[in-house]
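Right, one structure below, let's go through it.
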Amino acid sequence: MKGFKEVNIREIKKSVQEMISDDWMLITAGDESGWNTMTASWGGLGEIWGKDAAFAFIRPQRYTLGFVEKSGLFTLSFFGGKYKDEMKICGSKSGRDIDKSAETGLKPVFIDSTTGIEQAEVIMVCRTMAVQQIDPEGFIDPSVMKWYPENDFHKVFIGAIEKVYVKE
């Protein structure tokens, strides 16, 4: 992929907390025939079932959800704290209603049968290993419900991180 090189995930030295919570990320799925992206500041990276993994949370009304479910692949694109204004649009407007690439200038890059974002500093390609609907019956801390005033509980996608690309 032009402008990127593949690296081992252990070469990424930035903290996960900073990458996701502070800088945000875009969750993207689909291919040349159709794709969408959405902003996320919740999620995680780690290991499960002997694989490097990403944990992505997607609400049921998000347009991106269908693309992730259909393809079984998704990417996480990280921008190092840049493109926050563009990411705000990707998180507040639906791809059903606007062309996010045209609106933000963020360009898709088609890689490994899925889609990432060209301006990213890091793109992780993930293959879905498991999906779980969050069940509020499992909430031990009742204050968590404040995040769900519309009872629109996330689906959690656990993806094996298959490849990691960094901007050259």
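Below, the figures for the structure above:
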| read-out | value |
| --- | --- |
| The stretch 69-132: C-alpha gyration tensor shape, a/c 1.5 cut-off, then a/b vs b/c | prolate |
| Shape of the stretch 1-115, Cα gyration tensor, a/c cut at 1.5 | rounded |
| Estimated [θ] at 222 nm from DSSP helical runs (n ≥ 4, -39500 (n - 2.57)) normalised by residues in the chain, nearest 500 | -3500 deg cm²/dmol |
| Accessible surface of the chain [probe 1.4 Å, protein heavy atoms]: carbon and sulfur percent | 49 |
| Under 5 Å, built H, 5+ apart or other chain: amide partners of residue 51 | none |
| For the stretch 17-168, size of Cβ-based charge dipole, Lys and Arg +1, Asp and Glu -1, in debye | 180 |
| Under 5 Å, built H, 5+ apart or other chain: amide partners of residue 79 | 121 |
| Residue 96-residue 69 pseudo-label distance in nm [points 7 Å out on the Cα-to-Cβ vector] | 1.2 |
| Surface per residue (accessible, 1.4 Å probe) for the stretch 23-168, Å² | 49 |
| Furthest towards positive pole of dipole, 151, 129, 114, structure part the stretch 89-168, Cβ charges | 114 |
| Under-5 Å amide H pairs with residue 115, H placed in peptide plane, nonlocal only | 30, 75 |
| With all protein chains modelled, accessible area of residue 73 [1.4 Å, Å²] | 10 |
| At R0 = 25 Å, FRET efficiency that the Cβ-Cβ distance of residue 113 and residue 148 yields, to 0.05 | 0.15 |
| Among 82, 14, 107, residue whose mean-square fluctuation peaks in a GNM of the chain (springs only between Cα atoms under 10 Å) | 14 |
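The values are calculated or read from the model by the stated rules, or taken from the named source; none is laboratory data. These numbers come from a predicted model, not from an experiment. Heads up, the Cβs are rebuilt from the backbone with ideal geometry, glycines too, and the neighbour counts pull from every protein chain shown. Side chains are part of the model used for accessible areas, which takes the heavy atoms of the whole protein and leaves out ligands, DNA and RNA. Shrake-Rupley method; radii C 1.70, N 1.55, O 1.52, S 1.80 Å.
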